[in-house]
Amino acid sequence: MELNIRRAIDTDAAAILNIFNQSSSAIANTLQMPYQGVEIWQERIRSKTIVTLVADIEDQVVGVIGLHLNQHPRLRHTAGFGMAVTEQYRGRGIGRALVGAVIDLAENWHNIRRIEIEAYAHNAAALALYESMGFQREGLKRQATFTNGQFEDNVLLARLRPTP
């Protein structure tokens with residue numbers, strides 16, 4: 001299995017949408033809404049403030065991550081991200097590769113000093129991944145997100161670029 005991380009292109013939009021449509025856990029563990037159309041992903045791929053990367057194996061998109069570049073003048077040194085991996089490829093290092101690519105892109109090419117992420121408090125796998133990659137917990141947002149008919153707590157994490 002050869003994993004390729006690359007910038008998303010317009011023709012990836014349907015495959016990205018499929019990642020979210022094939023599994024309720026992909027929607028439930030992100031801030032994405034169900035029943036979106038492919039045009040939403042086409043817009044994100046073309047966005048100047050979101051850099052969308054995909055993970056593909058043998059030309060099949062199996063994961064997606066979006067680096068959200070902050071446009072506020074006093075916050076341009078910060079960025080956030082969101083990601084999802086297709087259910088059948090979870091636990092195989094795809095998420096780690098995507099987060100690693102976003103860290104490299106943010107810190108070494110966009111001069112981002114602080115990368116932020118929110119994860120559901122119950123999502124132990126995501127929290128473990130982020131912490132293993134240098135993200136530290138900074139707080140808890142109680143009942144911050146409404147999903148699947150209930151309010152969920154979010155854990156705030158951030159990674160500060162190491163100083164030389």
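Details
- Ranked by how many other Cβ atoms sit within 10 Å of their own Cβ, fewest first, the residues ILE45, ILE16, ILE5, ILE115 fall in the order ILE5, ILE45, ILE16, ILE115.
- Taken one residue at a time, the phi angles of the range 146-155 give Karplus couplings (6.51, -1.76, 1.60, θ = phi - 60°) of 9, 8, 6, x, 8, 8, 10, 7, 10, 9 Hz. Gly and Pro are set to x.
- Length-normalised contact order for the chain - Cα pairs under 8 Å, 6+ apart - percent: 18 percent
- Within the listed set ALA84, ALA144, ALA126, the Gaussian network model of the chain (springs between alpha-carbon atoms below 10 Å) gives the highest mean-square fluctuation for ALA144.
- In order through the range 54-62: 3J(HN,Hα) via Karplus (6.51 cos²θ - 1.76 cosθ + 1.60), integer Hz, x for Gly, Pro: 10, 9, 10, 10, 6, 6, 10, 6, 10
- For the chain, calculated [θ]222 nm from helices alone, where every DSSP H run of n ≥ 4 adds -39500 (n - 2.57): -8500 deg cm²/dmol
- Within the chain: Cβ-based charge dipole about Cα centre, in debye rounded to nearest 20 (Lys, Arg +1; Asp, Glu -1): 680 debye
- Sum of side-chain charges, ASN4 neighbourhood, beta-carbon under 10 Å (Lys, Arg +1; Asp, Glu -1): -3
- Globularity ratio of the chain, using Cα Rg and 2.2 N^0.38 Å: 1.00
- Electrostatic bookkeeping for TYR120 treats Lys and Arg as +1 and Asp and Glu as -1; over the other residues with beta carbon under 10 Å from its beta carbon, the sum is -3.
- Relative contact order (%) - the range 26-75, alpha-carbon pairs under 8 angstrom, separation at least six: 24 percent
- Alpha carbon Rg of the range 1-72, scaled by the compact-globule rule 2.2 N^0.38 Å: 1.09
Values in this text are rule-based calculations from the coordinates and carry no lab data. Computed from a predicted structure; not experimentally measured. Neighbour counts are summed over all protein chains in view; Cβ atoms, including those assigned to glycine, are modelled from backbone coordinates with ideal geometry.
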